[in-house]
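Engineer: Below is one structure. I have some questions about it.
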Amino acid sequence: QVQLVESGGGLVQPGGSLRLSCAASRLTFSTYAMTWYRQAPEKERELVAGISSNGSSTNYTDSVKGRFTISRDNAKNTVYLQMNSLKPEDTAMYYCNAVRTISATKRLSYWGQGTQVTVSS
């Protein structure tokens, strides 16, 4: 079945950087838009950054603009999230999501298991 495997999380001090990766398998990766979400304890899951299937379009939630960069390598079936100038409020479980719209009523969506990011001194 389809697998999305996130990696790269960890403990980092405020102001530090991390690079998350999400490796996809058993899907035609280049046909899927990819999105990073995060969920902090007792908070709703929120969209962090998204990238179109060919990488030509990206979007970010306001709180990470200028600090995070989403990118993808379709040859490696991998999407990345470069996170700089990390803040304690970035602490959360980070998930990647792959979405492909098949029709007006059908959409394929897959999730990874998540990787924990903790920003603390």
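Engineer: May I ask you to evaluate 6.51 cos²θ - 1.76 cosθ + 1.60, the Karplus curve with θ = phi - 60°, for each residue of region 48-54 and list the ³J(HN,Hα) values in order in whole Hz, giving x for glycine and proline?
Structural biologist: Each residue's phi maps through the Karplus curve to give 9, 7, x, 9, 5, 4, 9 Hz.
Engineer: Now for a different question. Under a plain spin-label model, where a point goes 7 Å from the Cα along Cα-to-Cβ, how far apart in nm are residue 74 and residue 2?
Structural biologist: Label-label distance for residue 74 and residue 2, simple model: 1.7 nm.
Engineer: Also, quick follow-up: What are the residues whose amide H is under 5 Å from the amide H of residue 16, where those residues sit 5 or more places off or on another chain and H is modelled from the backbone?
Structural biologist: Answer set, sorted by chain and number: 86.
Engineer: Here's a follow-up. Any idea which of 109, 35, 49 is furthest toward the positive side of the dipole for the chain, if Lys and Arg beta-carbons carry +1 and Asp and Glu beta-carbons -1?
Structural biologist: Farthest along the dipole direction, towards plus: 109.
Engineer: Work out the length of the dipole vector of the chain about its Cα centre, built from +1 on the beta-carbon of each Lys and Arg and -1 on the beta-carbon of each Asp and Glu, and round it to the nearest 20 debye.
Structural biologist: On the way: 13 positive and 8 negative charges, 76 e Å.
My answer is approximately 360 debye.
Engineer: Taking R0 as 35 Å, what's the FRET efficiency between residue 109 and residue 84 from their Cβ-Cβ distance, rounded to 0.05?
Structural biologist: Computed FRET efficiency for residue 109 and residue 84 comes out at 0.80.
Engineer: At 1.4 Å probe size, what's the solvent-accessible area of residue 5? Round to the nearest 10 Å².
Structural biologist: Counting only protein heavy atoms, the figure is 70 Å².
Engineer: Mean separation of Cα pairs under 8 Å and 6+ residues apart, divided by the residue count of the chain: what relative contact order is that in percent?
Structural biologist: Reported relative contact order: 35 percent.
Engineer: Extending each Cα 7 Å along its Cβ direction at residue 31 and residue 13, get the distance between those two points in nm, one decimal.
Structural biologist: 4.8 nm
Engineer: Show me, for region 10-21, the HN-Hα J-couplings you get by feeding each phi into the Karplus relation (A = 6.51, B = -1.76, C = 1.60, θ = phi - 60°), rounded to Hz, glycine and proline as x.
Structural biologist: In residue order, the calculated couplings are x, 9, 9, 6, x, x, x, 10, 9, 10, 8, 10 Hz.
Engineer: How about region 1-100: which GluC sites (Glu not before Pro) there lie in a loop by DSSP and see at most 12 other Cβ atoms within 10 Å? Kindly include the intermediate steps, with their values, before the conclusion.
Structural biologist: Numbers: sites: 6, 42, 44, 46, 89; in loops: 42, 44.
Of the GluC sites (Glu not before Pro), the ones in loops of region 1-100 whose Cβ has at most 12 other Cβ atoms within 10 Å are 42, 44.
Engineer: Return the sequence-ordered ³J(HN,Hα) values of region 56-65 in whole Hz as given by the Karplus equation 6.51 cos²θ - 1.76 cosθ + 1.60 applied to θ = phi - 60°, using x for Gly and Pro.
Structural biologist: Each residue of region 56-65 in turn: 7, 10, 10, 8, 9, 6, 4, 5, 10, 4 Hz.
The values are calculated or read from the model by the stated rules, or taken from the named source; none is laboratory data. It should be emphasised that the depicted structure is a prediction, and the values quoted were computed from it without experimental measurement. All Cβ positions, even for glycine, are placed from backbone atoms using ideal geometry, and neighbour counts span all protein chains on display. Quick note on the areas: whole protein, heavy atoms, side chains included, nothing else; ligands and nucleic acids left out. Shrake-Rupley method; radii C 1.70, N 1.55, O 1.52, S 1.80 Å.
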